[in-house]
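Report on the following structure.
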Amino acid sequence: MSVELDVFVGNTTIMDKEVYQLWLNGYTVNDAVKVRIEGGVMEECEASAEVLLSDTMDQYRTFQMCERLLHHPAKLANQLLFQIPPDRQAMLIERYYAFDDSFVREVLGKKLSKGTKKDLDDVSTKTGITLKSCRRQFDNFKRVFKVVEELKGPLVENIRQHFLLPDQLARDYAAIVFFANNRFETGKKKLHYLTFQDFAFCAGQLINNWTLGAVDNIMEDMDVDLDKEFLQELKDLKILITDKDLLDQHKSLVCTALRGKTNVFNEMEANFKNLSRGLVNIAAKLINAKDVRDFFIDLVEKFIEPCRSDKWTSIDVNLYLTHYTNSVHILDTFKHHAVWTRYMGVIKSCILRMYHD
Amino acid sequence: MPGKLKAKIVAGRHLPVMDRASDLTDAFVEVKFGNTTFKTDVYPKSLNPQWNSEWFKFEVDDEDLQDEPLQITVLDHDTYSANDAIGKVYIDIDPLLCSEAATVISGWLPIYDTIHGIRGEINVLVKVDLFNDLNRFRQSSCGVKFFCTTSIPRCYRAIMVHGFVEELVVNEDPEYQWIDRIRTPRASNEARQRLIFLMSGELQRKIGLKVLEMGGNAVVGYLQCFDLEGESGLVVRAIGTACTLEKISSTLPATATHPSNSSPSKDMKEPGFGEEAPGVPLSSGPPTPLRAQTFSSFSPSKSYSRQSSSSDTELSLTPKTVGIFLFPSTPALESESSPLPSAHLPHHLWPGMASRSTTPPPLRLSQSDTAILRKSVSFSEELLLAASGMGSGGSAGKEGGPLKALLRQQTQSALEQRGVSSSSEAFVRTGEYPFFTLAAFPPGFLLHVGGVVSARSVKLLDRIHNPALGNTRSYKLLDWNSFTADEPETRDAWWEEIRQEIKSHAKALGCHAVVGYSESTSICEEVCILSASGTAAILSSRFMQDGPLDTEHRLSRQPLCVFSTGSERVEGDMGSSASLGFEEVVSPGCGFCHIPYDELNIPFPAQLTYCYCCRRYKVPDVLFTTIDLPTEANVTGKGCLIQARLCRTKKKAQGEGNATVISNLLPFLEYELHTQLMNKLKLRGMNALFGLRIQISVGETMLLGLASATGVYLTALPSPGGIQIAGKTPSDITYEQHISNMQKKINDTIAKNKELYEINPPEVVEEIIGSPIPEPRQRSRLFRSQSESSDEVSELDLSHGKKDAFVLEIDDTDAVEDIHALLTDSPTPAGFYSCNTEIMPGIQNWTSAIQMFTSVRVFRLNANLTNQGLNKIFSDLCENLLKSLYFKLRSMVPCCLCHLNFTVAIPEDELIQVAVTAVAMSFDKEQLLENGKQSGEKTLIKAITENDEQLQFNLELNAETSAPNPLSSPKGLSEVGSHPSARASSMEKASPLPEGRSRSLRSNRSYSGSSVAVVKMTPLSFIPGAKIIKYLGIINMFFIRETTSLREEGGVSGFLHTFIAEVFAMVRAHVAALGGNAVVSYSMKECVFMENPNKNQAQCLINVSGDAVMFVRESELESTSVQTQSATTHTSNGAEGT
């Protein structure tokens, strides 16, 4: 005595947001039913566990059938199989492409390859996110990456158009794609304190300022790669540390400006040359792809950690970096103002974002 | 060459990858119609090909246009091997043949493959140029409109209701042909799909011919069914109600007198084609000069030409048609036109036809021939008059058990047959079967309802091997060169028997007509149960044409009546004309409840009382019907779905033995279903059932019975007594205790239900009026707190001496089971209501939120279950399904599940399949007062009815003044002929508006516009909050889906889920391509699911139908609707005054 077949098909496809989320989270039908029972939906609607099971199975089936459409969200709008109101469609897509910050931190900057996918079970154990959900999120990253990799034009806009994602989510995906493409190292222990949103912010800065698309709107080029010419020019900044006069001049200008405005003035003064060397060296090395990967590690090691050990507040850091950046323009022998501004603008905002516990 | 079909293939999208190497497809398209095929170029290497082809033109007979679908096949070009088919699209071009429907088919249609399902979409453009065909020997019936809707479609006005049309076509099932043993299943399924498309087309054309013959131009309540008889073939049969409809031009309220009455043809198609609508000119045309002109220029009288063509061989194949319409149903002049002068119009136009028209209709020689040849395959004919609708079975039970009661009913009905009143006889002459597939009627149409009549017959399917039998049929269908081994006459004869039975049952109830009529079959191996049921009724003669014989009665000579649906303007007084031609003055709210039969000679045990509304006529204590609740009915409280479910085991048997076993079981099954219904009805404190549908399904080892209906409390009927439990041997105390406990439970349930459904009959009114109320239910008094108002025994009340509460005796196990069944029905959750009819009594204020759905469950049983166990399982299955639905739709609360249509089947031994299609509609909680207010108004109206005579007189005057009919009088049309048109014109101006109800149903809440592509689907005939402005044609689609990778597709549930979703998608796409945005009267008529899990295979057949429509939101019509609304209320009140 058993139900052999049990289907429910509505002219307008019925989808329960709660069950959708459970499905996305990779719960099995039985687990999902348990969660729903605990959620109290049964008392609310005078339903039995049997009814709940049937409903959950049905919804799961619907989602599975929809899944292949969700892989190409644009298709969802002009497919004929399911009649789904536009707001529902948007919800489905947004939730399908949503990801867990803890998961993305694990794969951020890694190559989106089969190898990485194989390691997902480790990620799953580590993060407590079901393997199924991990796979979905990973596949989403990969799918978005593959599509926009080849596309010209602004990255965020491409993602938004091809995957019909809301703005914020599109930006996050842009960051993921950008990190995956440039293989930024994010997994080192020293970087663990950083959240995905920190990185996403930095990625946004880099995309907006350091890629080719950032300076001119030539459609042929892409947002995923850093502007090679700019990286080349960054080497010219080395003069700031190699030229002894310039370095001293710079220091005195900064110190004059900072004196009396901060409690850690002494530490600033003492560390100026170290910090400056650190930042300029990062700039000079960015032309090597390998050093690009270590960009965030370098920022932390060369700047953030020293400051933190001296107990700078973020206000201090902000003050310091502002004056550090601006003073360069007063140096009469320094010629590379544009490159400096472009470089320091990003560095400053990245550091400020990353400067927390 | 009367038609040119043009098709253009524009583009494809989302095509599947056919070439693994390139991940692309080289697609091209074959466009086939009849035997002509065109091809597009190959569009290489694309999944979104842009063919943008030329117009492919097919020059074909309109007969073919009706029969054949346009077949579009998308293929993948392959240089070295055979081209791979990607999928097909069948396009029914019938909607393009009718001037008032769609003009072009254009849009993205899913490409469908029986194995892979939907594989991308194709954008096509299809048009038809029809040339006016003057050849009246033709076999086509282009222009006849078909509607699934079982009421007069919303934007039409019925000029005349002609009556019952039926037809069936038979063919071999490709699945069972020997050639298909070597064909792949896919090819065979393709062939089946195509064949059924062809057969449906042919069937529709033939029905259309009959309609034309009757002088109609439309079929309403068209019900087409398939019988998959297996080895013995495939039967496609259809029934419907022939009508003459006229489109209401919503922009021009003054249609009646406006010359642009014929505008439908103008704004939609080539002028003139619309005029092909047969019969219309004579019967409906307002007597304006223009109208007359158009008529005389190119409109042959179709009924006229039909008459003559009936001598054609093709028609004599279905000889019954001729027989039925010996008294032709058009304004009568055509057939009997011989005495008419030659100035008769058609004659005038086509002199060659004159002689033909005067020849009497040909005799049915062919039938008698075939009758001899017809092999008598029916074995056991157990025709039952079951559940005749009234009389509490309880008293019958007390008197001596189920069978006795049944037998008595049967014998009595047999007696009654002879004693039919002459008035009904006159009516019956109009057609062989005075049946109507309509379930809802314009106010005033339905005078009295007798009760449910049903007949069943068990037949043995047998293959007929003599191919000579089929000779008279056309074999166009069978292009794989096979003869039809079966001939339709056998099946025809079977149905004829059943219909005769129904007819005689109706007579026994003193009724001359059967409304809400439907037919169904259940097949298991070689045994087939044919069932038919309907509601015996007396209809107002003014809506019918009575035939030429009824001349002695003045009023009956005005056969025409015009009623309109959705009409914008109505004069209130017109409603009262419903009493025309009927001696008695009937009040609208209760009139239909009054018994039509002779109370001294009741065909079955029933308790009669005086009507609780008017106190003038007798009403039964309980009323069962298959129709929708009449809009004008006085109802107390709300309604609810009531189901009786029954499962009976039977022994496995073969052939005749099996048929015997089944026919022996049937009466018990029916009786028990009836008892269950009655118990459940009383438990809910209600006294009438509407939309009753009893389905009996036969399997190898069991019989399933499912009766669904909507229970209501009709104010006119007496309040139902309680249910009392009695033990026969009240010996020991625990037993007594047990009984009283149960009694208490039952009483509590009744009280709870009364509260839930807001049943508070206005008992005070009874006392004021002080009318004779018959002997009170003595026992029921024990349970009802209020004492009966009056105890005086009326001398007039001769019907009974021992009426009382319903008594259940529980000394046998059956009764205990019954009571358990009663009490296990769980109540619907808060905020939910359910019914299986079009509308829910007591709920008016629908919002625009609707959700149509289909749910299917298959249940596997354990072997060796007892009847009792089976019953419980089956009942639980239905209950759980309902619970699941409530849960699924909880976001729509407060809401009502309307038109809950359960279909049960036994696909295999030990499997029970239940399929439900319904629509959930939200409503606003406020405005619940409306109901009470309405009934108040209704009582007021009663007073008005006294004035009927006067109004009637006015009407007469009206008719006379408009009588100067340029058409009829000069041409010398008979009096009979001229009256209709005069009547039509006068009444058109002021036709009552039966849509008043639906109007009030609709909310005026503004609706946020959604995207254009949305297609609504509903099993109802209307869309809340919207106005249907155009009917685009009937949707009738048949699909087969198979799989050889069941597990991979998500098992049986995954497979069926996908398939149903695909079917919905295809229906929506075709409707959108016709230019529509909704399907109304949608139904899934067949869902045959077969699986073979061991082989990882499954197969499913689905047949769906509905009416494609275009609607506009009422909010968009706001400016006009304010005015209309007030007019409507006025009208509906007026209509109730009849």
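Peptides B:15-26, A:275-286 ranked from most to least packed give A:275-286, B:15-26, packing being the mean of other C-beta atoms within 10 angstrom over each peptide's residues.
A Förster radius of 30 Å combined with the Cβ-Cβ distance from A:Lys238 to A:Arg259 puts the calculated FRET efficiency at roughly 0.60.
Remark: mean inter-chain Cβ contacts per residue of A:73-86 equal 4, using a 10 Å Cβ-Cβ cutoff to other protein chain atoms. What do you get for Rg/Rh of segment A:228-354 when both radii come from the Cα atoms and Rh is the Kirkwood radius? Ratio of gyration radius to Kirkwood radius: 0.94. Other residues with beta-carbon under 14 Å from the beta-carbon of B:Ala1108 carry, at +1 per Lys or Arg and -1 per Asp or Glu, a net charge of +1. In summary, the convex hull built on the alpha carbon positions of segment A:17-82 has an orientation-averaged projected area of 4.8 nm². For the pair B:Ala187 and A:Val147, label points projected 7 Å from Cα toward Cβ lie 4.2 nm apart. The B:Asp876 and B:Gln500 beta-carbon pair, evaluated with R₀ = 45 Å, returns a calculated FRET efficiency of approximately 0.70. Label-to-label distance for A:Ile37 and B:Ile1029 is 5.3 nm, based on points extended 7 Å past Cα in the beta-carbon direction.
Over what distance in Å are the Cα centres of segment B:200-214 and segment A:50-95 separated? Each part's Cα centre sits 43 Å from the other's. Computed from the C-beta positions of B:Thr660 and A:Glu18 and an R0 of 45 Å, the FRET efficiency is 0.25 to the nearest 0.05.
Neighbouring Cβ atoms from other chains, within 10 Å of the Cβ of residues in B:874-885, number 3 on average.
Each label point was placed 7 Å from the Cα along the Cα-to-Cβ direction; for B:Arg860 and B:Glu525 their separation is 2.2 nm. The long axis of helix A:244-258 is offset from the longest Cα principal axis of chain A by roughly 70 degrees. Ranked by the mean number of other Cβ atoms within 10 Å of their residues, highest first, the peptides B:692-705, B:49-62, A:332-345, B:1025-1038 come out as B:1025-1038, B:692-705, B:49-62, A:332-345. Counting only alpha carbon atoms, the long axis of helix A:265-285 and the longest principal axis of chain A meet at about 70°. Taking a Cβ cut-off of under 10 Å around B:Val1071, the surrounding Lys, Arg, Asp and Glu residues balance to a net charge of +1, with basic ones at +1 and acidic ones at -1.
A simple count of charges around B:Glu700, restricted to other residues whose Cβ falls under 10 Å of its Cβ and scoring Lys, Arg +1 and Asp, Glu -1, yields -1.
Listed values for segment A:9-18 are Karplus-derived 3J(HN,Hα) couplings in whole Hz (6.51 cos²θ - 1.76 cosθ + 1.60, θ = phi - 60°), namely 10, x, 4, 9, 5, 8, 9, 8, 4, 5, and x replaces Gly and Pro. Only lysine pairs 8 or more places apart or on separate chains count here, and in segment B:1-57 those with Cα atoms under 22 Å apart total 12. Between B:Lys1030 and B:Met1110, the built amide H atoms are under 5 Å apart, and every one of these is 5 or more places off in sequence or on another chain. The C-alpha atoms of segment A:101-191 occupy a region whose extents along the principal axes are 37, 28, 23 Å, arranged from largest to smallest.
Karplus-based coupling profile of segment A:39-44, in residue order and whole Hz: x, x, 5, 5, 5, 4, with θ = phi - 60° in 6.51 cos²θ - 1.76 cosθ + 1.60 and x standing for Gly or Pro. Each peptide in A:68-76, B:514-522, B:6-14, B:435-443 was scored by the mean count of other Cβ atoms within 10 Å over its residues; highest first, the order is B:435-443, B:514-522, B:6-14, A:68-76. When only alpha carbons are used to place a centre, segment A:254-281 and segment B:1-36 end up 74 Å from one another. Rounded, prolate or oblate for segment A:2-113? Axes are the square roots of the Cα gyration tensor eigenvalues, ordered a ≥ b ≥ c, and the cut-off for rounded is a/c under 1.5. Because a/c hits 1.5 or more and a/b fails to exceed b/c, segment A:2-113 counts as oblate. If only the Cβ of Lys and Arg carry +1 and only the Cβ of Asp and Glu carry -1, the dipole of segment A:101-191 around its Cα centre is close to 320 debye.
For B:Leu692, the amide hydrogen comes within under 5 Å of the amide hydrogens of B:Thr625, B:Thr626, B:Ile627, B:Thr710, counting only partners 5 or more places away or on other chains and with H modelled in the peptide plane.
Remark: mean inter-chain Cβ contacts per residue of B:908-917 equal 1, using a 10 Å Cβ-Cβ cutoff to other protein chain atoms.
Relative to the longest principal axis of the Cα atoms of chain A, helix A:314-328 runs at roughly 50 degrees.
For a 29 Å ceiling on Cα separation, which of these pairs sit above it: A:Lys152/A:Lys238; A:Lys75/B:Lys88; A:Lys75/B:Lys247; A:Lys111/A:Lys251; B:Lys638/B:Lys1030; B:Lys925/B:Lys1085? Going by Cα-Cα distance, A:Lys152/A:Lys238; A:Lys75/B:Lys247; A:Lys111/A:Lys251; B:Lys638/B:Lys1030; B:Lys925/B:Lys1085 fall outside the 29 Å limit.
Each reported figure results from applying straightforward, stated rules to the coordinates on display, with no laboratory input. In this text, all values refer to a predicted model and were calculated from it rather than measured experimentally. Positions of Cβ are generated from backbone atoms using ideal geometry, with glycine treated the same way; all protein chains shown enter the neighbour counts.
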